[in-house]
Amino acid sequence: MTSNGIQAVSSIVDAYPKRHAAVLPLELQEEIIDELSTDIKNLKKCSFVCKRWRSRTHFHAFSSIRLQHTSVETFSSFRDIPFSFFTIYPRARRICIVGSHQHHDVMSWNSSQVEALARALQGLRDVGNASVLVLENLNWDALAGSPIPSLMLSLDSVSSLELSCVTFPRHSQFAELVAGFTALRHVVFQDIEFGDPQPVLERLLADKIMMDDEKSALSLRGAGSFLRKSLHWACHSPKSGDALTATIGAHVSRYTDPSAILRSLGSSLNYLEIVSLADISSDTIISTVDLSSNTSLRRLSLSSPFRVLSLIPWLNHVLLRISSPCLRVLDIAFAASRQFHLDEPFLKYLDKVLSSPQFAELQLIQLIVVNGRLYPELRLGMDSCVRSAMPSWDRKGVLRVSFV
């Protein structure tokens with residue numbers, strides 16, 4: 001566009017009625033931005049004409065806010081600038097507070113950064129639009145004695161809470177935090193640690209049963225002498241956090257017995273994933289998991305990507321402990337093998353195990369071959385071996401062999 005064109009656009013802007021500014025074609029708005037933004041004198045006109053474009057852009061750009069100790073002071077300063085405050089704060093829906101990756105380092109937040117975080121949370125509370133609160137890589141000691149915990153709980157609009165790699169010196173601090181949210185619909189707990197000895201909550205398991213409208217998914221991943229736990233929980237109707245903590249207690253900690261959280265989730269557990277990686281020291285723990293309470297399990301994923309199928313020591317134990325009569329999907333992932341025919345006896349045994357009544361509702365049995373970069377004829381041979389060893393499931397059309 002020539003200089004005459006710029007002047008023409010500028011005159012159009014001056015004459016354009018305010019009530020029509022929102023219906024300018026987006027392509028024209030973008031072109032006006034390109035032409036007028038080169039001169040600071042045109043900034044006001046550019047901003048006015050492109051109000052719709054700006055509003056849409058800011059809605060997406062600021063819907064998720066990530067507050068780290070390196071950026072929180074800058075974000076907090078926006079609260080004192082009217083244009084920035086009303087542009088950014090009301091649009092924030094997901095608030096993520098992130099500590100150091102070395103989350104055991106209590107000094108990752110200094111006093112001025114904690115103060116800035118408090119100011120930012122106050123601004124977000126005043127607006128009242130945040131629906132998701134995420135805490136990552138945090139040591140609760142870094143926030144102890146500050147107004148941060150109470151400000152978090154003052155976010156009344158929060159319905160989703162996610163805690164990942166968070167260390168609490170005492171379990172009671174975790175319980176108080178979660179219990180402070182009274183309208184939760186979705187929760188994620190992953191790699192939670194407690195500094196004090198775990199309270200005994202077994203007595204709660206006998207009489208505390210999750211409501212029918214609650215659904216949960218649990219991932220147990222081998223990590224040496226313990227299993228890392230990742231819990232996803234959802235509820236159709238809002239629920240107070242204290243009821244949830246009373247149910248699962250301290251069992252979300254990586255160091256607790258995995259069977260305890262399985263029993264506490266009970267019939268609310270719909271999806272379970274168990275993963276054993278190269279370190280075999282977690283095999284013994286996996287072999288002891290108790291699934292007798294999980295009567296509504298619909299999908300089960302079992303993975304040991306570094307071992308061939310017949311050499312996964314805990315696989316048979318887990319399958320024999322299934323008590324859910326409504327299991328629909330079974331995934332089993334294992335390492336590729338050029339001598340897969342040696343696993344045929346185990347496949348025939350697996351076919352026999354899956355003939356039990358608790359597997360009668362299976363709609364998909366998926367055997368996933370990991371690192372299966374094999375020649376086409378080897379893949380075809382593995383597929384043929386599986387189908388010949390499990391003919392009844394093959395005839396039902398629910399058997400699938402995948403290579404990843």
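Go through the range 354-386 and give me each residue that's loosely packed, with under 15 Cβ neighbours inside 10 Å and closer than 29 Å to residue 270 by Cα.
Across the range 354-386, the qualifying residues are 355, 356, 357, 360, 361, 363, 364, 371.
Please go through the range 357-404 and pick out each residue that is in a loop (DSSP other than H, G, I, E, B), acidic (Asp, Glu) and touching a strand residue (DSSP E or B) at 6+ places or on another chain (Cβ under 9 Å).
Result: no residue meets the conditions.
With (1) surrounded by fewer than 17 Cβ atoms within 10 Å (Cβ to Cβ); (2) within 24 Å of residue 175 (Cα to Cα) as the list, and residue 86 as the residue in question, which single condition is left unmet?
(2)
Could you list, in sequence order, the residues of the range 291-344 that are more than 16 Å from residue 259 (Cβ to Cβ), of a type in the set (Gly, Ala, Ser) and buried (at least 17 other Cβ atoms within 10 Å of the Cβ)?
Of everything in the range 291-344, those that are more than 16 Å from residue 259 (Cβ to Cβ), of a type in the set (Gly, Ala, Ser) and buried (at least 17 other Cβ atoms within 10 Å of the Cβ) turn out to be 296, 301, 303, 304, 310, 333, 336, 337.
Just need a number here: residues in the range 136-146 that are surrounded by 16 or more Cβ atoms within 10 Å (Cβ to Cβ) and either polar (S, T, N, Q) or at pLDDT 95 or above (or both).
So the answer is 2.
So which helices (runs of 4 or more DSSP H) are wholly in the range 94-186 and hold at least 1 residues that are under 18 Å from residue 235 (Cβ atoms)?
Output list reads 171-179.
Give me the pairs, please: first residue somewhere in the range 222-243 and over 18 Å from residue 158 (Cα atoms), second residue anywhere and buried (at least 18 other Cβ atoms within 10 Å of the Cβ) and acidic (Asp, Glu), beta-carbon distance under 7 Å, and either six or more positions apart or on two chains.
From residues that are over 18 Å from residue 158 (Cα atoms), the pairs are 228/191.
Among the residues of the range 282-297, write down those that are more than 20 Å from residue 330 (Cα to Cα) and hydroxyl-bearing (Ser, Thr, Tyr).
Once the filter is applied, which keeps residues that are more than 20 Å from residue 330 (Cα to Cα) and hydroxyl-bearing (Ser, Thr, Tyr), the range 282-297 yields 282, 284.
What are the pairs with Cβ atoms under 7 angstrom where one residue, in the range 124-148, is touching a residue at least 12 places away in the same chain (Cβ under 8 Å) and the other, located anywhere, is outside any loop (DSSP other than H, G, I, E, B) and of a type in the set (Asp, Glu)? Sequence gap at least six, or different chains.
Note: pairs meeting the criteria are 134/162.
Going by the conditions given, is residue 119 of a type in the set (D, E, K, R), farther than 16 Å from residue 74 by Cα and either surrounded by 16 or more Cβ atoms within 10 Å (Cβ to Cβ) or modelled with pLDDT of 90 or more (or both)?
no
Wholly within the range 237-343, which helices (runs of 4 or more DSSP H) include no fewer than the required count, namely at least 3 residues that are out of contact with any Pro (no Cβ under 9 Å at 6 or more places or on another chain) and under 30 Å from residue 373 (Cα atoms)? Talk me through it step by step, then tell me what you get.
Details: elements: 241-248, 258-265, 283-286, 315-320.
Counting at least 3 such residues, we get 315-320.
The values are calculated or read from the model by the stated rules, or taken from the named source; none is laboratory data. Values in this document were obtained by computation on a predicted structure and should not be read as measured data. Positions of Cβ are generated from backbone atoms using ideal geometry, with glycine treated the same way; all protein chains shown enter the neighbour counts.
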